[in-house]
1. From R379, R423, R390, grab the single residue that is basic (K, R) and farther than 30 Å from S329 by Cα.
2. For G201, only one of the following conditions fails: (1) at positive phi; (2) modelled with pLDDT under 95; (3) small (G, A, S). What is its number?
3. If the requirement is being in contact with a strand residue (DSSP E or B) (Cβ under 6 Å, 6 or more places away or on another chain) and surrounded by fewer than 19 Cβ atoms within 10 Å (Cβ to Cβ), which of these qualifies: A674, A705, A716, A729?
4. Do we have D370 as of a type outside the set (S, T, N, Q) and not in a loop (DSSP other than H, G, I, E, B) here?
5. If the requirement is being part of a loop (DSSP other than H, G, I, E, B) and either free of Cβ contacts under 8 Å to residues at least 12 places away in the same chain or among the basic types (K, R) (or both), which of these qualifies: R291, R339, R278, R346?
6. Taking the criterion of being surrounded by fewer than 15 Cβ atoms within 10 Å (Cβ to Cβ), in contact with an Asp or Glu (Cβ under 6 Å, 6 or more places away or on another chain) and of a type in the set (A, V, I, L, M), would at least one residue in the range 445-454 satisfy it?
7. Which one of these does P509 not meet: (1) crowded, with 21+ Cβ neighbours inside 10 Å; (2) under 25 Å from the mean Cα position of the chain (by Cα); (3) not in a loop (DSSP other than H, G, I, E, B)?
8. Would you be able to tell me the number of residues in the range 145-195 that are assigned to a strand (DSSP E or B), among the aliphatic types (A, V, I, L, M) and over 14 Å from the mean Cα position of the chain (by Cα)?
Amino acid sequence: MALAVAPPDRSYEGPGAIAAQPEDVSVVAEAEPASPQPAADAEPEEVDVSRDVRVPSYRAPREDDDRAGSVVERRDLDERLVQSAPEALRYEPGVYIQQTAHGQASPFVRGLTGQQTVMFFDGVRLNNSTFRQGPNQYFFTVDSRTIDTIEVVRGAASTRYGSDALGGALLTTPRDPTLREDGARTVAHGKALLHTGTADGSYGGRGEVDLGFAGKVGVLAGVGYRDVGQLRSGGPVIAPGTGEPQRVPPLFEADGKTQRGTGFRELTGDARVVYEPREGHRVTVGYYDYRQFDAPRTDKCPPPTAPQDECLRYDEQFRTLVYGAYAASKGPAAAEQVRVTLSYQRQHEDRVFDRGTPSVTTLFGRDDVDTLGTGLKVRTKTFDPTPWLRAWGDYGADGYVDWISSDASIRFDDTMVSSAESRGQYIDGSQYATTGVFAEGHVEFFDAIRVRTGGRLGLAHATSPGDEASETAAVDQTWTSAVGMAGVSLDPVPWLTFSFNTDQGFRAPNLDDLTSRQQTGPGFQFENADLDPERALTVEGGLGVDFRIVQLEGWVYRTRIRDLIGRVEVDVLDCPEQTPQCGASQTRFQLDNFEGDALLWGAEGALRLNLPYGIWGRSSVSFARGDRPNPFAAGNDSEPERLPISRVPPLNGTAELGWRSRLGVYAAGGVRWARLQDRLAPQDVADVRIPIGGTPGYTVFDLRAGYRYDPHVLFAAVLENLGDTPWRAHGSSVNGPGRSVRLEAQFGF
């Protein structure tokens, strides 16, 4: 079916919205071809035809087009052959991907990551109370094969998304089953996928079924497997401070390019059922399971000054999500669109630390986090009291509760006798709850001026019994928050938009801050049970140009963070006997609130071209700079008053130029680059993952090509790092892939 479509309105397009055409969209149906067609690069006024029909646009719908952000679509993931959810964000402005290991990656959004960036999957919050300070691996546990789109919201956004949204939000929408097709009463499709890569010797595949019944019930289910070997890079990077190759980490095999401690295996499974009993009502039940096995932490396998057979390995990194959602549209004026979710998640980690020769001990750790959550999102009717004025509102509530199970033990390998430690990485029996209510109002004048404002009231509560043997303090604290947002957008002409926004972020200390003891890149980290919440304020201004063939946007921003939680090096903390990893660390840190304000500021830009004959182009550039108070500067003239914020990415950018044929053939070239990052925080200098003098810049070129015949066939190939360039993303433990090939074939019916 080909459609002629008028521009869509700005109605709610977030997760769970009922698929329907806005009132001001006119649809003209034409004859449906009898057979499937090769994928076409549709002109702006046309619709890309595959199995489903969507409102066309240069960009996928976003929850708020007047905020800084971007969307990655399913077609991008297929053609780039991304290996993980974080890698899917490589080409997005304001996002930089750090990799602690080949099986672990963490997106930095405007210089912040981990517990300071919030993640959602189909409206369900993924962040829990054990997310670490700095990079973590948890977005890697979202299976990229299940994703339809990923929206990146840049800048503090706690009004809508709650705690942790200091740097921004990552909103993942999963693929839906096909309910109806060509008027047929029953729909049945199957797909088999095979992929391989030469950089890491990986191979794997996925099988899935897609069923629809009577236009009311749809089922999409699949299983996948991947086996990943050691990653071959372009070689060691050159440390700017010495001019010599950086030796560790990682350690290399004899060829000088293959990196030790980089393989892993993963198994995935998912099932999604959608039921539409009648128009405007949808029930969704989803099950998503990710299981990663035998994933070494590269900078600890082995550590730089340790025996060659020492290794910290994640034997099991699992995440299970089960949830149900009910969405309704065309309701009463005060609740025209409603979505309610109820979810259960389990995050499971099983670690093994083989201390190597001559030690005769092995350390074991297990952590489980069970989370029960619920959420409510409501949108009012759009009120049009006059031809030049319309208004609507959003409001809702959410709540999540974590239960922690954590233990650790030490095994004496000569006798194979094990002894339980008094505590694990966290304190067994700890609990954490976070909840809040929010409301937003939107007013539009003359289709040219849009004003929005809103607020959230939130509460977080942490309890932990403590542990006397390891001198870990008990915790029983409650924090409340009130945050707000405001913004205005102006369209002086239809193709030009100016936007100005201010939004607050809030993050209460979580159980990782308050109770955890763990080995980090800079050293061993101790907890602090007396931390205060972090509070952020982002002010941003943006310019958008939207012609038929050109889209351009640019943003500048400034984020102020009060009571930023960070690592402070300490010499007074002795290592308790119950914490054996501490004694092996040359540097020890404790978390603390920095007095005064930390500042992050920067700029981002993006360009999209949609040229005739299927030619397209995209580019992005991102700059961020941050500093925070120096706690040791008072009364010490030799200390600077302010220090850089840890691991802020360097100036970086991307560019792509491609072509898509109406016959289904496509080809594209891409470049990813970054400048030297030598503005290092003290913990960065102590971090062996960062070369002496900083992380050197790089330029990496890629080529990709393929053929798509929807919905039956996809052949895709990516030639990565044409120049075999040694490169590393700032703060990573592994170097990026060297010259290599990725291949994928999909067959369906």
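1. Criteria check complete, one pass: R423.
2. Of the numbered conditions (1) at positive phi; (2) modelled with pLDDT under 95; (3) small (G, A, S), the odd one out for G201 is (2).
3. Values: A674 fails: surrounded by fewer than 19 Cβ atoms within 10 Å (Cβ to Cβ); A716 fails: surrounded by fewer than 19 Cβ atoms within 10 Å (Cβ to Cβ); A729 fails: surrounded by fewer than 19 Cβ atoms within 10 Å (Cβ to Cβ).
Criteria check complete, one pass: A705.
4. yes
5. Working: R291 fails: part of a loop (DSSP other than H, G, I, E, B); R339 fails: part of a loop (DSSP other than H, G, I, E, B); R346 fails: part of a loop (DSSP other than H, G, I, E, B).
Answer to the check: R278.
6. Within the range 445-454, one or more residues are surrounded by fewer than 15 Cβ atoms within 10 Å (Cβ to Cβ), in contact with an Asp or Glu (Cβ under 6 Å, 6 or more places away or on another chain) and of a type in the set (A, V, I, L, M).
7. (3) is the only condition that P509 fails.
8. Within the range 145-195, residues that are assigned to a strand (DSSP E or B), among the aliphatic types (A, V, I, L, M) and over 14 Å from the mean Cα position of the chain (by Cα) number 6.
The values are calculated or read from the model by the stated rules, or taken from the named source; none is laboratory data. As the structure is a prediction and not an experimental result, all values here were calculated from the model. Here Cβ is always computed from backbone atoms with ideal geometry, including for glycine, and neighbour counts include all displayed protein chains.
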